[in-house]
Amino acid sequence: MNYTGAREIETGVDAEVEVEVEVDADADAVVEASVDVVVIGAGQAGLAAAFHLRRAGYAPDRDFVVLDHSPRPGGAWQFRWPTLTYAKVHGMHALPGMELTGADPRRPSSEVIGAYFDRYEQAFGLRVHRPVSVTAVRESGGAPWTDPVGDVEGRRLLVETSEGNYAARALINATGTWDRPFWPRFPGQETFGGRQLHSSSYDGPEGFRDARVVVVGGGTSAVQQLMEIAPVAAATTWVTRRPPVFREGPFGAEQGRAAVALVAERVRQGLPPQSVVSVTGLPMTEAIRQARESGVLERLPLFERVTPTGVRWHDGRTVEADVILYATGFRAALDHLAPLHLREPGGGIRMDGTRTLRDPRIHLVGYGPSASTIGANRAGRAAVGDLRRLLGTPPRPRALPRPRPARAETGVVGSLAS
């Protein structure tokens, strides 16, 4: 791994910060620490936000804290199935200040990216607290935010967690979607005599050997998992709600901006954001081309109901199945923000950039138009810039450690460019 892009960051090491326990009288709750900013989540978006907080002069465990419920570094990548090697990853933009090169494409992406995130946290001293679960975020005084001018003086958010409560002047939420797999509902699901699982629980093709498998979903995970299962299964059937769109040729900056604009428009309307594939299409790789030619990616429309032995369409057609795999995506993991009443009647959260319109202290990164690896980086930087204007200058400028180059991994160089 080679680290670049941190020329302006000077060497500096933070001392351990002693935090006094205080009592929030309004909320009648013990507060373990008061900080300017709480960052929830240490995936791509959360780490990018933490980097820019440090770069702006905020010190970890003094001015801000990063909370992550996962057992180890790597964000959602650490949970990806072991046969998803680094070579199969379509693209992941590098974190700010540190590039990853020379990664072995034969290694599982969970290992490559997990190790990269771990080195990143250590190099920049981000002091991620894990495993820590955030159960709720609410007003410390109990009343929802109503200040039209956004005056945060004296206003604190109470962040309730498994390691204690935090009082924060602002919040950067980077919880992603992995914790909320979407399970569609079909008549007869409860009668199925085989196995039903979501793609988030997929751990490789061996569990499907000699089975008749129905794969539901039109996204990247559905295609990747179906292509792995097909060679070992007795039979596979692919069903999607809409005909899949395969994207030929390069996906450049212009196409990227157009896709982001479509997602951003839904967010501005207060609607839940769409999936990435719904606006970008599936990239046509050589492996996908071969799978289409062999019939593996022959798609059927969505069935009407699940039967005890398989699935059935409205015209009477049936397919026998031993396993139904729902590769049906995820929803934003935002339940802990429910006490803040951020949602619109349409079910989404209206945003101005990364800032929620209902509360200027709350920023969502990796949500809506920033739900991509390059978008997450930009969103982290934008959120910190906005919060600096809201909160004021940090009390003392702090320097970031300069990451040291590490020996590159052996093997063919992988790409993190999106």
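Where a number appears in this text, it was derived from the coordinates with a stated rule and is not lab data. Just so it is clear, the model here is predicted, and its values are computed rather than measured. Cβ atoms come from the backbone with ideal geometry, glycine included; neighbour counts cover every protein chain shown.
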Search the structure for amide H atoms under 5 Å from the amide H of Thr161, placed 1.01 Å from N in the peptide plane, and list their residues when 5 or more places away or on another chain. Thr135, Tyr166
Compute the separation of the alpha-carbon centres of segment 66-97 and segment 292-356 and state it in Å as a whole number. 23
Show the residues, 5+ positions off or on another chain, whose built amide H is closer than 5 Å to the amide H of Leu282. Val245, Phe246, Arg247
Return the sequence-ordered ³J(HN,Hα) values of segment 162-178 in whole Hz as given by the Karplus equation 6.51 cos²θ - 1.76 cosθ + 1.60 applied to θ = phi - 60°, using x for Gly and Pro. 6, 9, x, 9, 10, 9, 10, 7, 7, 9, 10, 9, 9, 8, x, 10, 4
Excluding Arg312 itself, what net charge comes from residues whose Cβ is under 12 Å from its Cβ, given Lys and Arg +1 and Asp and Glu -1? -1
Among 376-389, 75-88, how do they line up from the highest to the lowest mean number of other beta-carbon atoms within 10 Å? 376-389, 75-88
Taking H placed 1.01 Å from N in the peptide plane, check which residues at least 5 places from Gly218 or on another chain put their amide H under 5 Å from its amide H. Arg241
